[in-house]
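Right, one structure below, let's go through it.
No value in this document is a laboratory result; all are computed from the given coordinates. As the structure is a computational prediction, the values presented were derived from the model and not from experiment. Glycine also receives a Cβ, built like all others from the backbone with ideal geometry; neighbour counts cover every protein chain displayed.
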């Protein structure tokens, strides 16, 4: 069984999400697993405050990522408008290219091309912006349409517990089923059960450069 560090090398590692909570849902266990091993950066493209009910979500995002071990100075927040990414796709690409040059990540984790319109744009523009890097796609289960995963990261119970605790920081989304402890746990255990390992997160490599 390969060590995940074989894929991500010495870092820095960049996780790109559209909205606060995306990288936590898709990669929270992995982020916690790697927190003291390599530099970790987060890009979240939208503050997601268009909805007046979401005014606290950015602070919840910072708290959530802090639980996972991410330094706040390594969290980059864009100002793109939720569900309107299609009208800003070149600006999004330029934004990502700019941070690719600044951070110089060895590996980038991005959205799958799924049902959510913002995720689709993020996926397409990330593939343009980070060509030449190891690119691995992650899953946000509520939106997924992607085929069977081909890469699995073995998690410890502490990684899963940290992921659940991090996502529970989003009081704004407390009534959303995709943030429930039971759902997060069941996905992590069910993915792993086919591999005869206890707990796992699933991923979809696009390009792996050693």
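Structural remarks
- Label-zone membership for the stretch 40-60, site residue 98, 7 angstrom Cα→C-beta point, backbone N under 17 Å: 42-47
- In the stretch 64-177, Cα pairs under 8 Å separated by at least six residues give a relative contact order of 30 percent.
- Based on Cα contacts under 8 Å between residues 6+ apart, the chain shows a relative contact order of 26 percent.
- For the stretch 11-80 versus the stretch 136-210, the gap between their alpha-carbon centres in whole angstrom: 15 Å
- Per-pair calculated FRET efficiency, R0 = 22 Å: residue 91 and residue 63 via Cβ, rounded to 0.05: 0.20
- Modelled spin labels at residue 51 and residue 84, positioned 7 Å past Cα toward Cβ, are 1.7 nm from each other.
- Label assignment, percent of Cα pairs over 27 Å apart derived from the structure, set (1) 23; (2) 67; (3) 30: (1)
- Percent of beta bridges antiparallel (DSSP, the chain, rounded to nearest 5): 35 percent
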